[in-house]
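Read through the structure below, which is laid out as structure tokens, and then see the notes.
Computed from the coordinates by the stated procedures, all read-outs in this text should not be read as laboratory data. From a predicted model like this one, the values you see are computed outputs, not experimental measurements. With ideal geometry, Cβ positions are generated from the backbone for all residues, glycine too; neighbour counts draw on all protein chains shown.
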Amino acid sequence: MKKKAIVIGVMLLLGASVFTTMTSAQNYQTGGSETASRGLVWSENFDSYAAGSLLGGQGGWFPWADNPDANANVTNVQSHSPANSVEIKGVCDMVHRWDNVNYGNCTFRVWAYVPSDFDGSIYIILLSLYDGDSSKWDLQIHFNSATFMLEDADSVNATPYVIDGWGEVRVEIDFINDWQKVYYNDVLWLSKSWTQGTSGGGVLALDAVDLWGESGTAVYYDDASVWATEAPSEPALEIGTITGGFGVKTSVKNTGEGAATNINWSITLDGKLVFLGKSSTGIIANLAAAGEEPIKASFVLGFGKTNIVVSATCNEGKTAEKTASAFVLGPFVLGVK
């Protein structure tokens, strides 16, 4: 079986359903994928597709395992934002994937319309890995007409859903603490591990959504989105030009977009007749993006050919190294190249 069976039993969560309005439809970029400063990774309102067309092949959507029988229709019968939504029923099984949604916190949102004559069980599924039978299902919730509840397929947790109206499903995922919280119209009704959700053994990422029509008549989905904490900017280390003269001098540069901290640097000369200054080390506490810090070897004294190796490593796991050759004559380092 691709998905687990529907759980028996329902536990009502006390509290009134409070409706909220998500970002207006004008702010959606249909089928787009980008990282914005406000954290919007992806959004979908189905409005750029023709009503009556098949969703598969549009905006990054595809049927599970590319099975044409699992395709779904774009429709204007219902919509949360004008003018279209997607109709999920029967054998429909539509997937959309994202890249690199795996840092900090992320939120998946979608609006759902359940008609009064709905009959059956229709799922919203989130996966940390989409890979056929090896996929990792981390959340499976479904609208169940037998109970008039939105249910977790893997526990007794459930909450009533709106009939003949739109309700928002919001899933907040904490990748740092491996946790997820599921809300319906701002009511928290499910809270559990992310990686140990449905199938267990998941990973700390949001890879795909699967809108699955396990059975029954239509449920409509609209105005879906993924919001995520942006990954922190990272540093990148580089060693500057190595020069000689009275000793050895160079610099450590940060060519990345984030600060580098606790940079351990070293300058090593391997000449056999280098008596002083064979190895020099130091620490740069902090180097901002686009920053550069000069470094130099301690007093050098020797004679003859030598190789010079300069290296640096920071707390963020970035490293840099540069080598040169030279001739040492007393305290002077000549002909560096």
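Here are some notes:
- Hits in segment 170-206 (condition: more than 19 Å from residue 228 (Cα to Cα) and of a type in the set (A, V, I, L, M)): 187, 188, 190
- Residue within segment 94-115 that is within 29 Å of residue 202 (Cα to Cα) and more than 26 Å from the chain's Cα centre (by Cα) present: no
- Taking the criterion of being surrounded by fewer than 22 Cβ atoms within 10 Å (Cβ to Cβ) and under 16 Å from residue 224 (Cα atoms), the residues of segment 88-109 that qualify are 96, 97, 98, 107, 109.
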